[in-house]
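Data block below; observations after.
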Amino acid sequence: QLQASGGGLVQVGGSLRLSCAASGIILRSNMVEWHRQVPGKQREFVAAITGSGITDFADSAKGRFTISRDDAKNTVYLQMNGLKPEDTAVYYCKSTSHLTSAIAWGQGTLVTVSS
């Protein structure tokens with residue numbers, strides 16, 4: 001199971017760090033992704049980190065967001081800097097097992113960027 005946290009209200013240009021903590025899932029054996037969704041729109045990919053640490057980002061996140069993993073805490077982080085109003089969304093983390101392809105989603109955490 002995945003537990004996403006760290007969302008909140010921040011002003012334009014501010015920063016937030018989202019956390020995706022896992023229980024019963026070893027995140028270093030998974031690809032972990034962050035997605036986001038605005039009501040009425042499709043969920044979109046934001047960032048990913050593989051078990052070996054390879055990262056990938058949506059164009060909208062490149063240069064502003066970083067993704068990292070703490071294996072001791074079995075947690076993946078999404079550091080978001082230079083936040084813009086268009087980053088306002090509910091953010092979800094998702095894990096996909098490299099071994100079994102089993103998928104798990106965390107509950108969302110709301111990020112609101114005010115101008």
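The values are calculated or read from the model by the stated rules, or taken from the named source; none is laboratory data. Remember, it's a predicted structure, so these values are computed and weren't measured experimentally. Here Cβ is always computed from backbone atoms with ideal geometry, including for glycine, and neighbour counts include all displayed protein chains. Note: areas computed on protein heavy atoms with side chains; ligands, DNA, RNA excluded. Shrake-Rupley method; radii C 1.70, N 1.55, O 1.52, S 1.80 Å.
Just to be sure, is G13 in contact with a Gly (Cβ under 9 Å, 6 or more places away or on another chain), of a type in the set (G, A, S) and open to solvent by 60 Å² or more (accessible area, probe 1.4 Å)?
No.
Scanning the range 1-23 for residues that are without any contact (Cβ under 8 Å) to a residue 60 or more places away in the chain and not in a strand (DSSP E or B) turns up just one, S23.
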